[in-house]
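Down below is the structure, laid out as structure tokens.
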Amino acid sequence: MSKPINELKKGIIYTSIGTYSGFILQLIISMILSRLLTPKEYGVVAIVQVFILFFMIMVESGMGPAIIQNKKLTDSDYRILFNFSGIFAFLVAILFGFFGVVLSLIYKNPIYQYLTWIQAISVLFNGLNVVPTAVLNKEKRFKEVNSSTLIANFVGGLIGVLVALLGGGVYALILSSIISSGVNFFINRAITHIFFIRKLNLSALRKIIKFSINQYGANFLAYFSRNSDNILIGRFMGPATLANYNKAYSLLMLPFNFSINIIGVVLQPVLSEYQDNVDFIRGFFLKMVHILALVGIPLSIFFSLSAKQIILFMYGPQWSDAIMPFSILSLTIWIQMVISVNGAILQSRNHSKIYLITQILYATIIITSIIIGILWGDIVKVSICLTIGFTINFFVCFYRTLKYSLYGKMSDFLKEFFSPFILGGIILLALKPFNYIDFQNNTVSILLRVLVFILIFILYIFVTPEKKRIAQMLKK
């Protein structure tokens, strides 16, 4: 089993470099744009971004994971699938352009009729990029994938900031997205040497269609479970309220994005070659859950107790209404980090149907929680209901994965959280007194909190068996 471990280690290293570099870059860009644009402008773009995600899921149609999972595809098949993805991307982009009329009626703002046609270019580029990116991931060329993404984000972010400085308003965010997706596609296509051919053979589609349909259904449900809050809040509470909620949610999703963009992306391509070795995948799954919980639970406590300082430091006082939702939703960071590996594990086991059913349950619970929160009254109550919903989903998702895919015990799974919760409790006791101290300088306050958090985290690792456990994993 040294081969999958080495491939996984190599993939995680390159993906970590790309993700963390991209995170720092996007964080800087977000901090700049948050001070140049108003919450209302952010809210308008947030609504477009919510729906563009749906159209991107539509244009991807589950093809990426299906290409990775199928080991019988040839270079000719890739080019034929590239043909189909190009045709479909063009049609979906046109559909998204016309969708602006619907958005303008729902949200009573004619600007959406223009923004969707501009943003349709991003839909086209993302659709064209599905096959090249999937091929790179399948071949475990994680270095190229992350270099391409980093360059694309840098170019797109730079142009976005320049447009904002010139008074471009919402178009700064739109153009940033378009440039990023375009640069990413052209680099990936050049690396893979995939091009259009004069051939449309359905045999290539037949090889991936079953997996692709289940994957698309799961992605479709995941979209609605993760974006119905934005859709409903934007409709019933307005773009300014949505912007504050979206800022809070986007910030707490950064740790989640680390886990899904680093680990989730790498897991399926590597573990898919060992889909029938249940013991190996289950053992690795439990180790990964432990590491994610060890990082996620302390982060949840830190973010929740430091919500005010983080929001003000990152975005400025105009985003103060995002503080309370951020504090509440931060308690779910560890849950979302751990859940992020669930899909990749089920995909690597070739259990796309189980993944689809799990996503149906997940979406039902989350959407119900959001509706209850909105009927209750405001974004704080929505945040409370979502936190409860995520907690319920945590047990539902992993009970199903352990029972139907990994054939393991829930008790063994829950044991992995004992030590992380102890660490979280220690950090809670250490940071809670800071909330009763009136620091005149917000930057000093956040730096002291970060210092205490890091010291406790490192000390705990070195004085407990966690040091030995982590050392063994790194050695392997």
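Which pairs have Cβ atoms under 7 Å, sit 6 or more apart or on different chains, and link a residue in region 50-64 that is at positive phi to one that is of a type in the set (Ser, Thr, Tyr) and open to solvent by 20 Å² or more (accessible area, probe 1.4 Å)? Cβ pairs passing all conditions: Ser61/Tyr216; Gly62/Tyr216. So which residues in region 369-385 are at pLDDT 90 or above and either within 22 Å of Val289 (Cβ to Cβ) or of a type in the set (Val, Ile, Thr) (or both), if there are any at all? Hits for region 369-385 are Ile372, Ile384. If the condition is being in a loop (DSSP other than H, G, I, E, B) and either among the β-branched types (Val, Ile, Thr) or within 28 Å of the chain's Cα centre (by Cα) (or both), then region 453-468 contributes only Thr464. Among the candidates Phe211, Phe220, the residue that is hydrophobic (A, V, I, L, M, F, W, C) and more than 18 Å from the chain's Cα centre (by Cα) is uniquely Phe211. Selection of region 174-233 for residues being farther than 30 Å from Leu158 by Cα, buried (at least 21 other Cβ atoms within 10 Å of the Cβ) and without any contact (Cβ under 8 Å) to a residue 60 or more places away in the chain yields an empty set. Taken over region 251-287, the residue count meeting the criterion of being crowded, with 17+ Cβ neighbours inside 10 Å, of a type in the set (Ser, Thr, Tyr) and modelled with pLDDT of 65 or more is 1.
Quick one: how many residues across region 71-110 are crowded, with 17+ Cβ neighbours inside 10 Å and assigned to a loop (DSSP other than H, G, I, E, B)? Adding up the residues that qualify gives 2. Glu416 meets the conditions (1) closer than 21 Å to Tyr355 by Cβ; (2) touching a residue at least 40 places away in the same chain (Cβ under 8 Å) in every case but one. The failed one is (1). Out of Ser405, Ser411, one residue alone is free of Cβ contacts under 8 Å to residues at least 60 places away in the same chain, closer than 23 Å to Met288 by Cβ and among the hydroxyl-bearing types (Ser, Thr, Tyr). It is Ser411.
Scanning region 437-452 for residues that are in a helix (DSSP H, G or I) and aliphatic (A, V, I, L, M) gives Val444, Ile446, Leu447, Leu448, Val450, Leu451, Val452. For region 425-453, the set of residues classified as among the aromatic types (Phe, Trp, Tyr) and at pLDDT below 90 consists of Phe434, Tyr436, Phe439, listed by residue number. Counting only helices (runs of 4 or more DSSP H) that sit completely within region 331-436, those holding 2 or more residues that are open to solvent by 30 Å² or more (accessible area, probe 1.4 Å) correspond to 352-376, 379-404, 410-415, 418-431. Scanning region 439-464 for residues that are over 14 Å from Ser306 (Cα atoms) and either surrounded by 14 or more Cβ atoms within 10 Å (Cβ to Cβ) or among the hydroxyl-bearing types (Ser, Thr, Tyr) (or both) returns Ile456, Phe457, Tyr460, Ile461, Thr464.
The one condition from (1) among the acidic types (Asp, Glu); (2) modelled with pLDDT under 75; (3) within 27 Å of Ala190 (Cβ to Cβ) that Asp77 does not meet is (2). Could you say whether any residue in region 194-205 is among the β-branched types (Val, Ile, Thr) and either in a helix (DSSP H, G or I) or modelled with pLDDT under 75 (or both)? Checking region 194-205: not a single residue is among the β-branched types (Val, Ile, Thr) and either in a helix (DSSP H, G or I) or modelled with pLDDT under 75 (or both).
Here Ser330 clears all of (1) closer than 30 Å to Gln275 by Cα; (2) among the small types (Gly, Ala, Ser); (3) at pLDDT 85 or above except the condition numbered (1). For region 168-178, the condition holds for at least one residue, the condition being that it is under 20 Å from the mean Cα position of the chain (by Cα) and not aliphatic (A, V, I, L, M).
Residues that are open to solvent by less than 20 Å² (accessible area, probe 1.4 Å) and at pLDDT below 80 within region 128-145 comprise just one, Phe142. The set of residues from region 79-128 being touching a residue at least 60 places away in the same chain (Cβ under 8 Å) and polar (S, T, N, Q) comprises Asn83, Asn109, Thr116, Gln119, Ser122, Asn126.
Restricting attention to region 230-237, does a residue exist that is closer than 12 Å to Gly62 by Cβ, within 16 Å of the chain's Cα centre (by Cα) and modelled with pLDDT under 75?
no
The values are calculated or read from the model by the stated rules, or taken from the named source; none is laboratory data. Just so it is clear, the structure is predicted and the values come from calculations on it, not from any experiment. In this analysis, Cβ positions are derived from the backbone assuming ideal geometry, glycine residues included, and neighbour counts consider all displayed protein chains. Just so you know, the surface numbers come from the protein's heavy atoms only, side chains and all, with ligands and any DNA or RNA stripped out. Shrake-Rupley method; radii C 1.70, N 1.55, O 1.52, S 1.80 Å.
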